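> A single structure is presented below for examination.
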Amino acid sequence: MGQEVVSEYEFVQAGEHKSHLIMNVLDMEALEAEMTSDAAKEWDKKNNCNDTVYAIELVEKK
């Protein structure tokens, strides 16, 4: 994944076997393609990884 897909990210270790990755995604379709690739699926299975993805939007005060 390159800068054309994700402009910035923050990785947070939330416990011994849990983490959170917060990303500013520029191209959601490209991210989905990467996360559902055969290589990603194989890595997830090998590492017992379960991805949960949330899309949130910044709400600014008027």
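> Given the DSSP H assignment, sum -39500 (n - 2.57) over each helix run of at least 4 residues in the chain and divide by its residue total; what's the result at 222 nm in deg cm²/dmol, nearest 500? Show your work: numbers first, answer last.
Details: 2 runs with 17 residues, N = 62.
Taken over the chain, the calculation gives -7500 deg cm²/dmol.
> Still on this structure, please answer the following. At what distance in nm do the modelled label points of residue 43 and residue 58 sit from each other, each positioned 7 Å from its Cα along Cα→Cβ?
In this crude label model, residue 43 to residue 58 measures out at 2.7 nm.
> What shape does the chain have by the C-alpha gyration tensor, where a ≥ b ≥ c are the square roots of the eigenvalues, rounded means a/c under 1.5, and otherwise prolate means a/b greater than b/c and oblate the rest?
Details: a/c = 2.31, a/b = 1.36, b/c = 1.69.
Note, shape of the chain comes out oblate.
> Under 5 Å between amide hydrogens, which residues at least 5 positions from residue 5 or on another chain qualify, with H placed 1.01 Å from N in the peptide plane?
Distant-sequence amide H within range of residue 5: zero hits.
Just so you know, all these numbers are worked out from the coordinates, no wet-lab data involved. Being a predicted model, the structure only gives us computed values, none of them experimental. Neighbour counts are summed over all protein chains in view; Cβ atoms, including those assigned to glycine, are modelled from backbone coordinates with ideal geometry.
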